[in-house]
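Just below is one structure, and these are the notes that go with it.
The values are calculated or read from the model by the stated rules, or taken from the named source; none is laboratory data. These numbers were taken from a predicted model, which means no experiment stands behind them. In this analysis, Cβ positions are derived from the backbone assuming ideal geometry, glycine residues included, and neighbour counts consider all displayed protein chains. Just so you know, the surface numbers come from the protein's heavy atoms only, side chains and all, with ligands and any DNA or RNA stripped out. Shrake-Rupley method; radii C 1.70, N 1.55, O 1.52, S 1.80 Å.
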Amino acid sequence: MTDKFHSELKDLKKEVTGMARFALSMLKDSQDAFSNQDSTLAATVLSRKDQLREMTVALEENCYQLIALNQPVAKDMRIIVCSLKIIAASERIGRYGKSTAKIIKEISGKPHIANMMSIPLMSEYVLTMIEDAINAYETEDLKKLEGFSARDDAIDTLRHSIFREAITFMMENPKNITLATYYIIIARYLERCADHACKMAENVHYMETGERIEIK
């Protein structure tokens, strides 16, 4: 492969990393907006959805062109394939941020109950997993992926705990139904984002080693 191709491949990784962190910022800001019922911050998240889509399309096209023009093999091909997977997962994460931001107007003025039922803790775990997966892709350091399966299990446990607690609060007081329902929805969004982080990790591992793993 030519030096030009490898330079373009390096640029691709840099741009994909930037797009992934852009999507992560949407999720993070949406969680902050949800916690603080900050409609202004939520609006900024919603305003980024078009840019996220534009980045997704442009980067996918870049990947396809690199394949068509250079016919890469071995690790070079795995880097491009992994990049496509990171792009897809990042878009979904950003869209979950957008979906969370849309909820803010529905809960405006409604005080949170039960310290948000561990949602802030769950959010912190998920955001860290995504950041670690992005860093592993950027640096090709697989050590950042250690313990992903256990971390995903912890997030699943938190989601089930939030679900049970939310149902309890609904039964105790019907006035809690709306907010508790949104807690269940947000916890589900976070669980799905953690799943995307695991898929990122699986693909980064394949990119580096040529071996496929499954994080359960």
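Figures for the structure shown
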{"quantity": "Label point 7 Å beyond Cα of residue 168 along Cβ direction - residues of region 83-124 with amide nitrogen under 19 Å", "calculated": "112-122"}
{"quantity": "Relative contact order for the chain, counting Cα pairs under 8 Å that sit 6 or more residues apart, in percent", "calculated": "26 percent"}
{"quantity": "Å² per residue, accessible surface of region 111-174 at 1.4 Å", "calculated": "52 Å²"}
{"quantity": "Rg/Rg_globular for the chain, with Rg_globular taken as 2.2 N^0.38 Å and Rg from C-alpha atoms", "calculated": "1.12"}
{"quantity": "MRE, 222 nm, helices only [DSSP H, n ≥ 4, -39500 (n - 2.57), over the chain, to nearest 500]", "calculated": "-29500 deg cm²/dmol"}
{"quantity": "Förster radius 22 Å - calculated FRET efficiency between residue 175 and residue 105 (Cβ-Cβ, nearest 0.05)", "calculated": "0.70"}
{"quantity": "Ranked packing of 51-61, 135-145, most packed first, by mean Cβ within 10 Å", "calculated": "135-145, 51-61"}
{"quantity": "Ordering of 146-159, 164-177 by packing [mean C-beta count within 10 Å, highest first]", "calculated": "146-159, 164-177"}
{"quantity": "Cα-based shape type of region 65-149, given that a ≥ b ≥ c are square roots of the gyration tensor eigenvalues and the cut on a/c is 1.5", "calculated": "oblate"}
{"quantity": "Most to least packed among 9-15, 188-194 [average Cβ atoms within 10 Å]", "calculated": "188-194, 9-15"}
{"quantity": "Pairs beyond 18 Å (Cα-Cα), from 75/216; 102/199; 13/75; 13/216; 13/85", "calculated": "75/216; 102/199; 13/216"}
{"quantity": "Summed residue charge, Cβ within 10 Å of residue 134's Cβ, Lys/Arg positive, Asp/Glu negative", "calculated": "-1"}
